[in-house]
Amino acid sequence: MSNYFNVYGEEFKMQSLLQKTVVLTFLFTSVVADPQNVISDACLTCICQASLSCDTDSPFVISHPYWSEAGKLTVGEHPPDTPEAFNACASNLDCSVRTVRNFISKHQKDCNNDTVIDCDDFAAIYYQGVSDCQKGVPSYLRRNYRECKDILKKYHRIVNLGQKH
């Protein structure tokens, strides 16, 4: 992961995973305030933080089929059935966050069979897809994902890493 973090055009040097986690949690919390969200801001932060390409301009890697399944969200005046609409959404913080929220809300399930639908399930759906989510967070991302969850729990930035109530 890069030691530099771009926040709305300003580049900051990050000294630790803690700093990145706090910045991302703040950004996701301030992006879309929707009480209907199933996935918490903290969970989104850890899903992003675990990835090797987490960036505040376009924090989630979104494929065209994923975007379509999530409802073809748009930014600006691009009609949803144009290539520009997908590209604009995938490279926009607000739209990419809403896309991930929509997709996970639509496909939420207990991937690890622990009888609870929580952030571990949401992360598995994001990384593995709905049909393979029982595989969990990929091993090469698991350490960053768990460290992020531990940081957020330790600093009480989040009460619930699972579903929002």
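Observations
- Amide H contacts under 5 Å for Ile39, placed H, 5+ residues apart: Lys164
- Members of Lys109/Lys135; Lys109/Lys149; Lys106/Lys153; Lys72/Lys153 lying beyond 23 Å, as alpha-carbon distances in this model show: Lys106/Lys153; Lys72/Lys153
- Relative counts (whole %) of C-alpha pair distances in segment 65-104, using bins that are 5 Å wide: 6, 32, 38, 21, 3, 0
- Once the C-beta distance of Lys135 and His64 is scaled by a Förster radius of 22 Å, the resulting FRET efficiency is 0.45 to the nearest 0.05.
- Each residue of segment 136-146 was assigned a 3J(HN,Hα) from its phi angle through the Karplus expression (A = 6.51, B = -1.76, C = 1.60, θ = phi - 60°), giving x, 5, x, 4, 6, 10, 4, 4, 4, 4, 5 Hz with x at Gly and Pro.
- Summing +1 for each Lys or Arg and -1 for each Asp or Glu among the other residues whose beta-carbon sits under 11 angstrom from that of Cys133 gives -2.
- Its alpha carbons give segment 73-153 an Rg and a Dmax of 14.9, 43 Å.
- For segment 98-107, 3J(HN,Hα) per residue [Karplus equation, 6.51 cos²θ - 1.76 cosθ + 1.60, θ = phi - 60°, Hz, x = Gly/Pro]: 5, 5, 5, 4, 4, 4, 5, 4, 5, 10
Each value in this text was obtained by applying a stated rule to the coordinates, not by laboratory testing. Note that the structure is a prediction, hence the values are computed from the model and not measured. Glycine also receives a Cβ, built like all others from the backbone with ideal geometry; neighbour counts cover every protein chain displayed.
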